[in-house]
1. Among the residues of region 68-82 satisfying the criterion of being touching a Pro at 6+ places or on another chain (Cβ under 8 Å) and of a type outside the set (Gly, Ala, Ser), which is nearest to Gly137 (Cα to Cα)?
2. Please specify each residue of region 286-336 satisfying the condition of being touching a residue at least 40 places away in the same chain (Cβ under 8 Å), assigned to a helix (DSSP H, G or I) and in contact with a Phe, Trp or Tyr (Cβ under 8 Å, 6 or more places away or on another chain).
3. Looking at the structure I just gave you, is Thr3 free of Cβ contacts under 8 Å to residues at least 40 places away in the same chain and within 16 Å of Asn225 (Cα to Cα)?
4. List the number of the failed condition for Asp282; all other conditions in (1) over 25 Å from Lys38 (Cβ atoms); (2) over 16 Å from the mean Cα position of the chain (by Cα); (3) in contact (Cβ under 8 Å) with a residue 60 or more places away in the chain hold.
5. Any chance region 131-139 includes a residue that's part of a strand (DSSP E or B), of a type in the set (S, T, N, Q) and crowded, with 24+ Cβ neighbours inside 10 Å?
6. Regarding Tyr151, is this residue over 22 Å from Pro267 (Cβ atoms), among the hydroxyl-bearing types (Ser, Thr, Tyr) and free of Cβ contacts under 8 Å to residues at least 60 places away in the same chain?
7. Let me spell it out: the conditions are (1) assigned to a loop (DSSP other than H, G, I, E, B); (2) more than 17 Å from the chain's Cα centre (by Cα); (3) not β-branched (Val, Ile, Thr), and Asp277 meets all of them except one. Which number is the exception?
8. Does Glu298 satisfy being within 17 Å of the chain's Cα centre (by Cα), at pLDDT 95 or above, surrounded by fewer than 20 Cβ atoms within 10 Å (Cβ to Cβ) and not basic (Lys, Arg)?
Amino acid sequence: MTTSHPPVTVPERSVPVPASLSEIAQGVIGMGNAMPDKPWPPLDDREAVQAYIDELIASIPEGGESPMVSSIFGMADTGVPSETERIELGDFGVWQAVPEGVAADDPRVYLALHGAWIYGAGELSRLGASMTAGAVGARTWAVDYRMPPFYPYPVPLDDCVNAYRALLENHRPEDIIIGGVSGGGNLTAATILRARDEGLPLPRAAVIETPVADVTKAGDTHYTNSGLDVSYSAEQLEIVFQLYVDGHDRTDPYVSPLFGDYTKGFPPSLLTTGTRDFLLSDTVRLHRKLLAADLPAELHVWEGAPHFMFLGMAPEDHDRVAQIRTYCDRQWGARV
């Protein structure tokens, strides 16, 4: 999305890695974009696209599974073990994880919606459930929603809404917090908007980490942080957007939650991002939208952080987890 005003031309420049970051965080920024440069097949060839995605997952180096899980769930491994089980909900399922030390009758539950939109299923979803449960200290349902290329919008959103509906059968809404990062942040906001519009009660709170709030890419940092954010290239991002949207109107509030009407109700929210995040603008704009609707919303921005933070490996990642845990504890503690 552009305007009639001429663009600002910025001279070529070198941007140093902030010395204020931990050594691990500096190393993550310094490694550059790790996504493969291999060209994508035609996007209308769904079998070839799925094969490309499968190859991408298979190329994860040994020991790289935890960083990938961290990047698509917005958490870090706290070392707290969890018991996991699969729960089938018709055409899709969720992975339930109960962390050590949480009683079986503890009513609190965190509904985790993973990011990436095109991967994160199966074992990655199970590991994400366990990582998230350990991080937030509560029972977690990680939605193993169906994904593109075979299941583009609205199927992923349908699955997330139906998972929330299933949770409401045995949990009070005030016991539920919904959270997700990136595409999962998009699904978090869209799930709550659609659940509200369908007459379902609102959850206790939302954790919206660096969300894809506006798929039209109108946000300033799509351009100002292009090249600085080592998570994705602009070309890779647009392919993921095309696969998810599948030709649907990008200004639909359930596709781009920034266009939603928040004056009709939305729960207290925590939003997180980083100064090098290409979705910094999306996060800031959504935060301003919530405030304009007179809703309680916190915004936390990490210095030097790209979209996926530091892959769960740096002290900054654990600082974010601690912030999320504190927020969730506070929200659950405020239940009636």
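The values are calculated or read from the model by the stated rules, or taken from the named source; none is laboratory data. What you see is a predicted model; the values in this text were computed from it and never measured. Don't worry about glycine lacking a Cβ; one is built from the backbone with ideal geometry, like all the others, and counts go over all protein chains shown.
1. Val80
2. Glu316, Asp317, Arg320, Cys328
3. No: the conditions fail for Thr3.
4. Only one criterion is unmet by Asp282, namely (2).
5. No.
6. So Tyr151 fits the description; yes.
7. (2)
8. yes
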